[in-house]
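Visitor: First the structure, then my questions, so here it is.
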Amino acid sequence: MREQRASAPKVKSAAATRFSSVMRRGSGHPAVTYVIIALTLFVFVLQLLPLGVTDALLYAGAYSIPEFGSFEPWRMLTVALVHSKSFILHVALNMYTLWIFGRMLEPMIGRWRFATLYVITAFGSSVGVLLLDNPLQPVVGASGAIFGLMGATLVIVHKLGGNMTGLLVLVGINLVIGFIPGTNIAWQAHLGGLITGALLGLVFVSTRKRRQQTLQKLGVAGVAVLLLVLTVVGAVVRV
């Protein structure tokens, strides 16, 4: 199979070519992907030291609810930087998946859009935790943001007429695993990140023309505002 893939011609549709040329603004290398990976691995090394980094950056719904006495909403983003210290494959698999999707998606949509996508989907994954999980249950990991990359890729590939079978299977398997009892996986974060990424992917691919860039920024801002509203609603409901 590797030999066949290596020898097979690579075909890129005209729509995908135009999309890339408009979106990426000359960014051919996934620099943002590498920076995120390096930063996450650096934080993981700090986690292994007795500095209390994990406790300072993890997230639970209670940190978004002032009535619980520990209002620290920035954790909705910092949670993507910390991982399980007792299971090193947690950070290894997340970074490997980020590397795969980052190399594919970042050159297509551009560095700033990719960075924006990652940050907002990390936020969206925490909103999922706030709305659907026990507010006292802490979570760690970048998998919610990575599911956001998957969601965005699904929408973009579909809109450009690409084959989504393999990607759908991959996303489906990973999403279902989170619902298996005893896996200790925050499926709420996965679901929140996936939906957020799909929305942003729809914004990007629907406003890919040069004259639509202002509309694109408004669409991205709209998704962010929606997440803020859901955060406030979740904080009120979960009290």
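The values are calculated or read from the model by the stated rules, or taken from the named source; none is laboratory data. Fair warning: this is a prediction, and the values are worked out from it, not measured in the lab. No Cβ is skipped: glycine too gets one built from the backbone with ideal geometry, and neighbour counts run over all protein chains shown. Quick note on the areas: whole protein, heavy atoms, side chains included, nothing else; ligands and nucleic acids left out. Shrake-Rupley method; radii C 1.70, N 1.55, O 1.52, S 1.80 Å.
Visitor: All but one of (1) open to solvent by 80 Å² or more (accessible area, probe 1.4 Å); (2) in contact (Cβ under 8 Å) with a residue 40 or more places away in the chain hold for Ala224; which doesn't?
Guide: (1)
Visitor: Quick one: in region 76-115, which of the residues that are among the polar types (S, T, N, Q) and in contact with a helix residue (DSSP H, G or I) (Cβ under 8 Å, 6 or more places away or on another chain) is farthest from Val32 (Cα to Cα)?
Guide: The residue in question is Ser84.
Visitor: Going by what's in this entry, would Thr116 be described as open to solvent by 10 Å² or more (accessible area, probe 1.4 Å) and touching a residue at least 40 places away in the same chain (Cβ under 8 Å)?
Guide: Working: open to solvent by 10 Å² or more (accessible area, probe 1.4 Å): yes; touching a residue at least 40 places away in the same chain (Cβ under 8 Å): yes.
Answer is yes for this residue.
Visitor: Residues of region 83-99 being under 20 Å from Gly197 (Cβ atoms) and free of Cβ contacts under 8 Å to residues at least 40 places away in the same chain, which ones?
Guide: The answer is Leu93, Tyr96.
Visitor: Restricting attention to region 78-94, does a residue exist that is at pLDDT 95 or above, farther than 30 Å from Lys159 by Cα and small (Gly, Ala, Ser)?
Guide: For region 78-94, residues at pLDDT 95 or above, farther than 30 Å from Lys159 by Cα and small (Gly, Ala, Ser): absent.
Visitor: Let me ask something additional. Do you know which residues across region 89-119 are outside any loop (DSSP other than H, G, I, E, B), closer than 18 Å to Gln213 by Cα and not basic (Lys, Arg)?
Guide: Hits for region 89-119 are Glu106, Pro107, Met108, Ile109, Trp112, Phe114, Ala115, Thr116, Leu117.
Visitor: Sticking with this structure for a sec: Got a number for residues in region 29-88 being in a strand (DSSP E or B) and open to solvent by 80 Å² or more (accessible area, probe 1.4 Å)? I'd like the intermediate steps shown before the answer.
Guide: Kept after step one, since they are in a strand (DSSP E or B), are these residues of region 29-88: 59.
Subset that is open to solvent by 80 Å² or more (accessible area, probe 1.4 Å): none.
Number of matching residues: 0.
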